[in-house]
Amino acid sequence: MAKKPNKKTALKERDGIKAPDSLSQSAAEKLKRSRKKFPTTESIVEGIFKGDPTALSRGITLVESRAKKHSVAARTIIEACLPKTVHSIRIGITGVPGVGKSTFIESLGKILTTKDHKVAILAVDPSSSISKGSILGDKTRMEELVKDERVFIRPSASGDSLGGVARKTRETIILCEAAGYDIILIETVGVGQSETAVHSMTDFFLLLKLAGAGDELQGIKRGIMEMADAIVINKADGENVKAAKLAKTEFNRALHLYPPKESGWVPKTLTCSATENKGISEVWELIDTYIEQSKSTSYFQKKRNAQSQYWLQQTIDSKLKSDFYSNPKVKAELKTQMKLLSENKTTAFEAAEKVLKIYFT
């Protein structure tokens, strides 16, 4: 005789709550209000002109985006901001990791805000070549400046372009100037070709060095000193004071080995301690003197014109490269040639010729 099923089992399935055919009017309105709307391009531009940091951040995000759907909005914002840009001073700051760039920038930034300047800091963080990730930690390092309403800090991942300089830094500068920031500080990662790229977009190029780090000759060998408008020996405090003075003498000697700059400016070496806030005012006075001198000789505007021409060429190069690698036929042929190359059935030169032929036909 078969047993009757146990009706008290906990495994018995029960009917769930039946879903309504449609949302009620009140629920629909609540859901609509809860959805955040991304502001329009016009409202972003209006916010930038008012100096709203949130609108500025959103505008920069669109400019930095590689998504095609954002390119039109980015161009609209840039074109609207161009006539509104203020006459700013663009300062590039570079140095090897650990030289104290962020601490120096914070000390300099505090001095500038007391002089009624609005300061934008574009800090380019190194991206991992493997994970493509970036720490973007400058806001955590500049603890005091980040609270100042007259300061805007924008950390950006360097990506894989221009040796560490964010791909859209030039356009970001335009947006910051339109928002009323009259001092633009651009911090580089201090590696690769980033120094060359920052030098091409700034009015004054500052090289931070450490005393006794053994890089006096290294700096000469790399040729970066030829680009520098000033060299600052940082961390000149405590037991490092004597070494900093010696390094200052050595760098001044090295600077005399280079031909005179087109601007007529003679680069100088200073010492400072960013942690103790010593020597920072002198650095700003030197920068201010340079700007006045370059403007009086019309070199300032001449250099700005050269910057625009350089970035025109860079933009064309970047656009061509992007179009080339996004071409479906090129992608397919490149995959084929990569396979043949790994099998030693072709050479890199032959493979390149075939891929380029596909693009240009």
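Do any residues in region 75-86 that are more than 14 Å from residue 55 (Cα to Cα) have Cβ atoms under 8 Å from those of residues that are modelled with pLDDT of 90 or more and polar (S, T, N, Q), where the two are at least six apart or on different chains, and which pairs are they?
If the second residue must be modelled with pLDDT of 90 or more and polar (S, T, N, Q), the pairs left are 76/41.
Kindly indicate the residue of region 252-265 that is within 31 Å of the chain's Cα centre (by Cα) and at pLDDT 85 or above and also nearest to residue 298 (Cα to Cα) among those meeting that condition.
263
Hey, can you tell me all the residues within region 308-324 that are surrounded by 12 or more Cβ atoms within 10 Å (Cβ to Cβ) and not small (Gly, Ala, Ser)?
Across region 308-324, the qualifying residues are 310, 311, 314, 315, 324.
Mind telling me which of the residues 58, 66, 75 ends up being outside any helix (DSSP H, G or I) and within 25 Å of residue 322 (Cα to Cα)?
On inspection, the qualifying residue turns out to be 66.
Hey, among the residues in region 39-49 that are closer than 21 Å to residue 118 by Cα and free of Cβ contacts under 8 Å to residues at least 60 places away in the same chain, which one's surrounded by the fewest Cβ atoms within 10 Å (Cβ to Cβ)?
The qualifying residue surrounded by the fewest Cβ atoms within 10 Å (Cβ to Cβ) is 46.
Hey, could you check region 45-71 for residues that are at pLDDT 90 or above and more than 18 Å from residue 153 (Cα to Cα) and say which is nearest to the chain's Cα centre (by Cα)?
Filtering region 45-71 for residues that are at pLDDT 90 or above and more than 18 Å from residue 153 (Cα to Cα), the one nearest to the chain's Cα centre (by Cα) comes out as 45.
Taking region 101-134 as the region of interest, how many residues are at pLDDT below 80 and not charged (D, E, K, R)? Outline the logic, then answer.
If we filter region 101-134 for residues that are at pLDDT below 80, which is where we start, we get 124-134.
Among the residues that remain, those that are also not charged (D, E, K, R) are: 124, 126-131, 133-134.
Here the count works out to 9.
Yes or no, residue by residue, for (1) of a type in the set (D, E, K, R); (2) surrounded by fewer than 19 Cβ atoms within 10 Å (Cβ to Cβ):
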site	(1), (2)
240	no, yes
245	yes, yes
256	no, yes
270	no, no
278	yes, yes
285	yes, yes
293	no, yes
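When region 272-299 is examined, which residues are found to be part of a helix (DSSP H, G or I) and free of Cβ contacts under 8 Å to residues at least 12 places away in the same chain?
Filtering region 272-299 for residues part of a helix (DSSP H, G or I) gives 280-296, 299.
285, 288, 289, 292, 295, 296 - these are the residues of region 272-299 that are part of a helix (DSSP H, G or I) and free of Cβ contacts under 8 Å to residues at least 12 places away in the same chain.
Going through region 68-99 one residue at a time, which ones are closer than 15 Å to residue 235 by Cβ and surrounded by fewer than 21 Cβ atoms within 10 Å (Cβ to Cβ)?
96, 97, 98, listed by residue number.
The values are calculated or read from the model by the stated rules, or taken from the named source; none is laboratory data. A quick note: this is a predicted structure, and the numbers were derived from the prediction, not measured. Backbone-built Cβ (ideal geometry, glycine too); neighbour counts: all protein chains shown.
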